Amino acid sequence: MLRGSCLCGGIRYEINGKLYDALNCHCSMCRKAQGAAFRSRAKKHSAEFRLLCGEELLTFFASSPGNHRGFCRVCGSPILSKFDDDPSVFGLPLGGLDDDPGIRPQMHVFIASKAPWFAITDDLAQFAELPSPTISARSGSAPFPDLKS
Ligand SMILES: [Zn+2]
Ligand SMILES: [Zn+2]
């Protein structure tokens, strides 16, 4: 069981099962939405996500067609992302978690959009955009089948 919440505490949630596909996304939308150099996020089967409170505060913004970023309308914390093409999956910003999910981001993606004021100093793989296995993994269960570069 993992717990998460927003900054003001109005939204709290819990998660059963495991997160997968953890990565750091440097795309301009994630940078804006997080107010940070990048967004660390994982994927989650939506059926294993449960809102404990604050459903009335959870507000969605479609940052691109079919991609709905949910946030707390009181404090602005990002909570989850929904995808029209696969309602069985949520995207989850790791920063919202109150517990250690165990997994760690495995790569940097969209570094072609990376903030000029941030330098990547770790040894994780870097991709100019989103590597295609990640996209297909949204609807499957195998994370990053052959990403070693
Ligand atoms: Zn809040
Ligand atoms: Zn992004």
For the condition loosely packed, with under 14 Cβ neighbours inside 10 Å, under 16 Å from the mean Cα position of the chain (by Cα) and in a strand (DSSP E or B), what is the one hit in 61, 71?
61
Going through (1) more than 16 Å from ligand 2 (Cβ to nearest atom); (2) closer than 14 Å to residue 94 by Cα one by one, residue 41 fails only at (1)
Output the residues belonging to the stretch 7-28 that are farther than 17 Å from residue 101 by Cβ and either within 16 Å of ligand 1 (Cβ to nearest atom) or free of Cβ contacts under 8 Å to residues at least 40 places away in the same chain (or both).
7, 8, 9, 10, 11
Keeping to the stretch 22-44, report how many residues are over 12 Å from the mean Cα position of the chain (by Cα), under 18 Å from residue 6 (Cα atoms) and of a type in the set (A, V, I, L, M).
1
Is it the case that some residue within the stretch 2-15 is crowded, with 20+ Cβ neighbours inside 10 Å, within 16 Å of ligand 2 (Cβ to nearest atom) and modelled with pLDDT of 95 or more?
no
Find the residue count for the stretch 44-73, including only residues that are within 15 Å of ligand 2 (Cβ to nearest atom) and either within 22 Å of residue 119 (Cα to Cα) or among the hydroxyl-bearing types (Ser, Thr, Tyr) (or both).
2
Taking residue 142 as the residue in question, decide whether it is surrounded by fewer than 17 Cβ atoms within 10 Å (Cβ to Cβ), modelled with pLDDT of 95 or more and out of contact with any Phe, Trp or Tyr (no Cβ under 8 Å at 6 or more places or on another chain).
no
Would you confirm whether or not the stretch 23-41 contains a residue that is exposed (fewer than 13 other Cβ atoms within 10 Å of the Cβ), in contact with a strand residue (DSSP E or B) (Cβ under 9 Å, 6 or more places away or on another chain) and within 27 Å of residue 121 (Cα to Cα)?
yes
Return only the number of the condition from (1) within 16 Å of ligand 2 (Cβ to nearest atom); (2) under 11 Å from the mean Cα position of the chain (by Cα) that residue 19 does not satisfy.
(1)
Could you figure out which of (1) at negative phi; (2) buried (at least 19 other Cβ atoms within 10 Å of the Cβ) isn't true of residue 103?
(2)
Just need a number here: residues in the stretch 106-137 that are within 12 Å of ligand 2 (Cβ to nearest atom), modelled with pLDDT under 95 and buried (at least 17 other Cβ atoms within 10 Å of the Cβ).
1
Selection count, the stretch 44-58, where residues are basic (Lys, Arg) and either touching a Ser or Thr at 6+ places or on another chain (Cβ under 9 Å) or surrounded by fewer than 16 Cβ atoms within 10 Å (Cβ to Cβ) (or both)
1
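The values are calculated or read from the model by the stated rules, or taken from the named source; none is laboratory data. All values derive from a computational prediction rather than experimental measurement. Every residue, glycine as well, gets a Cβ built from its backbone with ideal geometry; the counts of neighbours run over all protein chains shown.
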